[in-house]
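Peer 1: Please see the structure below; I have some questions.
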Amino acid sequence: LGLLYQEYRDKSTRQEIETRRLQDSQTDPEESSPSEETPSEAEPTSTTESKAPPQISLLRNSNSRFNLWQDLPEIRSSGVLSILQPDEIKLQEAMFELVTSEASYYKSLNLLVSHFMENERLKKILHQSEAHILFSNVLDVMAVSERFLLDLEHRVEENIVISDVCDIVYQHTVNHFSVYITYVSNQTYQERAYKQLLQDKPAFRELISQLELDPKCKGLSFSSFLILPFQRITRLKLLVQNILKKVEEKSDRETTALDAHKELETVVKACNEGVRKMSRTEQMISIQKKLEFKIKSVPIISHSRWLLKQGELQQMNGPKTSRTLRTKKLFREIYLFLFNDLLVICRQIPGDKYQVFDSAPRGLLRVEELEDQGQSLANVFILRLLENADDREASYMLKASSQSEMKRWMISLAPNRRTKFVSFTSRLVDCPQIQCVHPYVAQQPDELSLELADVLNILDKTDDGWIFGERLHDQERGWFPSSMGEEILNPKIRAQNLKECFRVHKSDDSQRRKLGSRNRQ
């Protein structure tokens, strides 16, 4: 707990990756990893002997080291490790990690406030409105974390063996965690304000650099502190999932874990929607200004519309029968804007403008890949509009710059088209899987940002190094470079991962199916 949350989180996820690597190399997934080994038996103590509850003060003892529950002196000396079953010890570790990580998170939040936000020099440099955008409601977030941590700490101190933590998570999520939605929804403006301040105010830039060099920050950037609340609310849901995988089925603890997970999922979704809504509105306004309609104008801006993919493709001129000709003159550039419910086909014109010459509802698009057509017609596919702007069927033969770009366009244009491998929602026993070993930030709307230790089903892959995946813990889909992950080769581990996911989402199967359908769209 001497670690800041950024360090704690990185250490925890790296450990998770190494544990999964070890499991993947074993023939029996039930074999324990070193971090989960049943400890050597301690001297048994009388279960009837009354013991004072251990004083494990996480909030006050900020210099204690990164511990496992079973390594605590109070636990070692109690003799309880000789009584508990290995599965119960694993559950205790999962619950303890939720508590200790909250203590580390609170420590980092406290540093963000005391070291940066309340710095007197920074207060003089920033206008009140700038400080408000930059730090938002972080004081509310920190107050909520402190209350949450105190309740968790009290629970840990009640008994040597932790009874439950998910009931506390549930209560705080329902009653207090809305502050996270407010903070995260401000993220777009926060990032923009920070970049603008760095650019426009040399005094701000110099002071932030000085503050970052303070040993308290341990080499971590100011921006890594600003993003803490969003990272924490997402991670908290995964920690509850980890507990849910370890509690006994049809028990009270499973019920509270499912309830807590459901409420956290609601908050995380609201946070994601808050961020997306801000950026999508501005993006749609920007696109609308660039479009000039050669056909009947289509209103682009809508509260329920957002961009899925945009980019340039080569359109083949002439009838289909000409496709066997080997000449680059067959193709001319066109530009596509694909929204969640609409396709707009354009040609780029001077002045960073686009002239729209066709469009179609996204639900009336079909794609077909052409194979074995030779080098000049490699990565070519046919796009059919069942009903275009002229209320008739139209076909376009389109050439992409690479195999991955062709597949990305085909999957985006026709989301219900069958992928190479099965999806999570098919409930089949096996499917290729990959775990993330390098974080990745999405660069395009059809890409998926990855966190360390994410596990994904592989739905499709390309020869030029891209994977279309479906993350198990939230069924979000998207493309990412294959170099970001390591394939899970052990079929037993893959089956175990799927089984655990089905269990996490079993309380609301219909909601899961709806979520999967929406992501395909």
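Peer 1: What's the local net charge at Ile168, with K and R +1, D and E -1, over the other residues with C-beta under 11 Å away? Before the final figure, lay out the partial values.
Peer 2: On the way: positive: Arg147, Arg155; negative: Glu102, Asp151, Glu153, Asp164, Asp167.
With Lys, Arg at +1 and Asp, Glu at -1, the neighbours total -3.
Peer 1: So, for the stretch 65-286, what is the accessible surface per residue at a probe of 1.4 Å, expressed in square angstrom? Numbers along the way, then the final one.
Peer 2: On the way: 9740 Å² over 222 residues.
In whole numbers, the stretch 65-286 has 44 Å² accessible per residue.
Peer 1: Tell me which residues come under 5 Å, amide H to amide H, from Asp358 once H is placed; ignore anything under 5 positions away on its chain.
Peer 2: When sequence neighbours closer than 5 places are left aside, the close amide H contacts are Ile345.
Peer 1: I would also like to ask the following. Residue-wise, which Karplus ³J(HN,Hα) couplings in Hz belong to the stretch 100-116, taking 6.51 cos²θ - 1.76 cosθ + 1.60, θ = phi - 60°, and x for glycine or proline?
Peer 2: So the J values, rounded to whole Hz, are 5, 5, 5, 4, 5, 4, 4, 4, 5, 4, 4, 5, 4, 6, 6, 8, 9.
Peer 1: For the stretch 185-307, give the percent of accessible area contributed by carbon and sulfur heavy atoms, probe 1.4 Å, rounded to a whole number. Could the numbers behind the result be given before it?
Peer 2: Values: 3400 of 6380 Å².
That fraction is 53 percent.
Peer 1: Amide H to amide H, which residues 5 or more places from Phe331 or on other chains are under 5 Å from it, using H placed in the peptide plane?
Peer 2: Amide H to amide H, under 5 Å and 5 or more residues apart or across chains, Phe331 pairs with Asn317.
Peer 1: Calculate one ³J(HN,Hα) per residue across the stretch 453-464 by plugging θ = phi - 60° into the Karplus curve 6.51 cos²θ - 1.76 cosθ + 1.60, and present them in order as whole Hz with x for glycine and proline.
Peer 2: These are the phi-based 3J(HN,Hα) values: 6, 4, 10, 10, 7, 8, 8, 7, 8, 10, 6, 9 Hz.
The values are calculated or read from the model by the stated rules, or taken from the named source; none is laboratory data. Owing to the predicted nature of the structure, the values given are computational and were not obtained by experimental measurement. Quick reminder, even Gly has a Cβ in these numbers, built from the backbone with ideal geometry, and neighbours come from all protein chains shown. Areas reflect the complete protein model, heavy atoms only, side chains present, ligands, DNA and RNA absent. Shrake-Rupley method; radii C 1.70, N 1.55, O 1.52, S 1.80 Å.
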